[in-house]
1. Calculate the dipole size of the chain relative to its Cα centre from +1 charges on Lys and Arg beta carbons and -1 charges on Asp and Glu beta carbons; express the result in debye to the nearest 20.
2. When the label point is put 7 Å from the Cα of LYS184 along its Cα-to-beta-carbon vector, which residues of the stretch 113-128 have a backbone N closer than 12 Å?
3. I need the phi-derived Karplus couplings for the stretch 67-75: 6.51 cos²θ - 1.76 cosθ + 1.60, θ = phi - 60°, integer Hz, Gly and Pro marked x.
4. Taking the Cα-to-Cβ direction at LYS16 and at TRP83 and moving 7 Å from each Cα, how far apart do the two end points lie in nm?
5. If you plug each phi of the stretch 30-35 into the Karplus form 6.51 cos²θ - 1.76 cosθ + 1.60 with θ = phi - 60°, what whole-Hz ³J(HN,Hα) values come out, in order, with x for Gly and Pro?
6. Based on Cα positions only, what radius of gyration and what Dmax would you give for the stretch 4-299, in angstroms?
7. Work out from phi, with θ = phi - 60° and the Karplus expression 6.51 cos²θ - 1.76 cosθ + 1.60, the ³J(HN,Hα) of each residue of the stretch 196-203, listed in order in whole Hz, and give x for Gly and Pro.
8. Which of the listed residues, ILE123, HIS221, ILE272, is farthest toward the dipole's positive end in the chain, when Lys, Arg count +1 and Asp, Glu count -1 at the beta-carbon?
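No value in this document is a laboratory result; all are computed from the given coordinates. No experiment lies behind these values; they were computed from the predicted model shown. Neighbour counts are summed over all protein chains in view; Cβ atoms, including those assigned to glycine, are modelled from backbone coordinates with ideal geometry.
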Amino acid sequence: MPDFQAILESIYQDAKQASDKGIVATYIPELAHIDKNNFAIHLRTSNGKCYGVGDFNKLFSIQSISKVLALSKAISLIGESVWDRIDVEPSGHPFNQLALLEINNGIPRNPFINSGAIVIADILVSNLENPKEDFLNYVRELSGDASINFNIDVAHSEQSTGFKNFAAANLLKSYKNLNNPVDKVLDFYFYQCSIEMSCSQLSSVFYLFANNGKCLQNKLHLTGSQVKRVNALMLTCGFYDEAGEFAFEVGLPGKSGVGGGIVALLPDHFVISTWSPGLNVKGNSKLGMLALEQFTTKTKLSIF
Ligand code: DON
C-alpha cells in the first residue's frame, strides 16, 4: 500500500511553489474574489481511511461538479428515459458552447455541458416535490452531512449574469426539450451549482461512485450498471474539451467545476478531491489537474 499521506504532502509542496496557479473565474462575480493560493487535497479510500493536505475542510463553490449529483438523482427518478433527451458523447467544446446544441436539434451532447445539465435540472424540477430542498437533502444524505448548503450569494450572482445559460435554456425551449419555464429551471440550476463543500465533504458525497452505488451510509442509490454509466460519462465528458487530456494525464473518471474543485475516483479503491481556484484556459483547475496527475503517477493507481 503506498504511503498516501507522504505522497499528498509532496504534491502539496510542489503545488505551493508553482509560479503559475491559473486564473480564478470572474464571469460569476461572486467567485472573482477567491484567493488562488487556497489549495487542498483529500483522499478517502474504500477501506475507510482518510488523508488530507492543505485547506481540505474549507468550503468552496462546487459549481459543475454538482452536475454529476443532479444526473444521479435524475437517473434514480426516471431511469433510462434521461437518454431520450440528452446524448452521451463528448462535446470537444467548452462547457457553455451553444453551436452544437443547434446542430443537434436541441439534444445536448452530454449531461455535463451546461445545456445538458439544464435539461437534467428540468427533469428534477418536474419530478421533485420541492426541487431545491429535495436535491439538497439528497446531497446531504449521500454524505450523512446535514451542514452542506447552497451559497445564496453565488446563486444570485450567477442569476444576474448567466446570460449564456439563459440563451441555452431558451434554445432548449425552442426545440421543445424543456418542459418547465426557463426562469424556474435556471433558478434551480443556479442554486444547484452554488452548493458549497470542502474537499473532505466532496470525497464523502462521491463515495457511492467508487462503491457500486452504495453511499457512505450504506444505502443503495444507484445500481451497479447505473454507476458504470455515470463513471463512463465522467471519464469521457467530465472535463469538456479537456476530457482527453485528463484521461491521458490522470486516467480516472472525474468532474471539475469553475470554483476550482475536481473530484476523481477509482472504483473499489478511492475518491480523491482537489481544490485550487486558479483555472487553465479550458476552465479546469490548473494545479488540481497537475496534482491528480502526480497522484496517479506516484501511486500507479488509475483505471488504466
Ligand atoms: O453554468 C455555469 O457556467 C456554472 N454554474 C458552472 C460551470 C462550470 O463549473 C464549468 N466547469 N468547469
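1. For the chain, the charge dipole is close to 360 debye.
2. Inside the label zone: 122-128.
3. Whole-Hz 3J(HN,Hα) from phi for the stretch 67-75: 5, 5, 5, 5, 4, 4, 5, 4, 5.
4. The two pseudo-label positions are separated by 4.7 nm.
5. For the stretch 30-35, the Karplus-derived couplings read 5, 8, 5, 9, 6, 6 Hz, x marking Gly and Pro.
6. Computed over the Cα atoms of the stretch 4-299, radius of gyration and Dmax are 17.5, 54 Å.
7. 10, 8, 8, 4, 5, 5, 4, 4
8. Among ILE123, HIS221, ILE272, the one farthest towards the positive end of the dipole of the chain is HIS221.
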